[in-house]
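The structure under discussion appears below in the form of structure tokens.
The values are calculated or read from the model by the stated rules, or taken from the named source; none is laboratory data. Quick caveat, the model's predicted, so the values are computed rather than measured. Cβ coordinates were reconstructed from backbone atoms using ideal geometry, including for glycine residues, and neighbour counts include every protein chain displayed.
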Amino acid sequence: MRIPSLGGPRRGAALPAALAALLMAATTAAWAQGGPSSDSKPYDDRLMRLSEILGAVHYLRELCGAKDGQKWRDQMRELMDTEGSSALRRAKLTRSFNNGYRSYSRTYNVCSQSAQTAISRFLAEGADIAESLAKTAP
């Protein structure tokens, strides 16, 4: 699957949609790999990082006026519906999302160039993680 580059503002604008598509593929692949019955999965570190990135992106894009509404929170909800097979697992995913959100809400109060750079980096990293998770499906 090809991921758009972040070369310029035009292509960067397409990345959130690409990341959302990859998230869907990754959660489906991750579910197929481990099934819903076991609580711990071999890809959990990447999944928790992805959850943290979703929280950070949710905060930062809202701060920078992206008008995404609840898009990133909804993506997280879909991830939890697919991967949150137990109360403990759902709590871990929620904690990762909230940590990402809170970390950046303490750091950024206004949309700066640094905040925009962080958004671009998180979108790229999230796309990479989602793509790697999607590729691990049998």
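When you look at residue 95, is it under 18 Å from residue 43 (Cα atoms) and modelled with pLDDT of 95 or more, yes or no? Here the answer is yes, as residue 95 does meet what is asked.
Among the residues of region 76-85, are any under 21 Å from residue 40 (Cα atoms) and not in a helix (DSSP H, G or I)? The answer is yes; a qualifying residue exists. Report yes if some residue within region 77-84 is modelled with pLDDT of 90 or more and either in contact with a strand residue (DSSP E or B) (Cβ under 7 Å, 6 or more places away or on another chain) or closer than 11 Å to residue 101 by Cα (or both); otherwise report no. No, every residue in region 77-84 fails to be modelled with pLDDT of 90 or more and either in contact with a strand residue (DSSP E or B) (Cβ under 7 Å, 6 or more places away or on another chain) or closer than 11 Å to residue 101 by Cα (or both). Residue-level check: of (1) under 18 Å from residue 39 (Cα atoms); (2) within 16 Å of the chain's Cα centre (by Cα), residue 87 misses just (2). Taken over region 90-116, residues that are within 18 Å of the chain's Cα centre (by Cα) and part of a loop (DSSP other than H, G, I, E, B) amount to 0.
Considering region 62-73, and only residues there that are of a type in the set (D, E, K, R) and more than 16 Å from residue 47 (Cα to Cα), the residue that is nearest to the chain's Cα centre (by Cα) turns out to be 71.
Could you tell me whether region 52-71 includes any residue that is among the β-branched types (Val, Ile, Thr), touching a residue at least 24 places away in the same chain (Cβ under 8 Å) and assigned to a helix (DSSP H, G or I)? Scanning region 52-71 turns up at least one residue that is among the β-branched types (Val, Ile, Thr), touching a residue at least 24 places away in the same chain (Cβ under 8 Å) and assigned to a helix (DSSP H, G or I). Is it the case, given these coordinates, that residue 52 is in contact with a helix residue (DSSP H, G or I) (Cβ under 7 Å, 6 or more places away or on another chain), among the acidic types (Asp, Glu) and buried (at least 18 other Cβ atoms within 10 Å of the Cβ)? Taking the combined requirement at face value, the residue satisfies it. Pairs meeting the criteria (first residue in region 106-121 and without any contact (Cβ under 8 Å) to a residue 40 or more places away in the chain, second residue of a type in the set (Phe, Trp, Tyr) and surrounded by 12 or more Cβ atoms within 10 Å (Cβ to Cβ), beta carbons under 8 Å, at least 6 apart or on different chains) are 114/108. Annotation note: Cβ proximity below 9 Å between a residue of region 80-97 that is free of Cβ contacts under 8 Å to residues at least 40 places away in the same chain and a residue that is β-branched (Val, Ile, Thr) (sequence gap 6+ or interchain) occurs for 80/94; 81/27; 84/94. Residues being surrounded by fewer than 17 Cβ atoms within 10 Å (Cβ to Cβ), within 15 Å of residue 45 (Cβ to Cβ) and of a type outside the set (A, V, I, L, M, F, W, C) are entirely absent from region 107-120.
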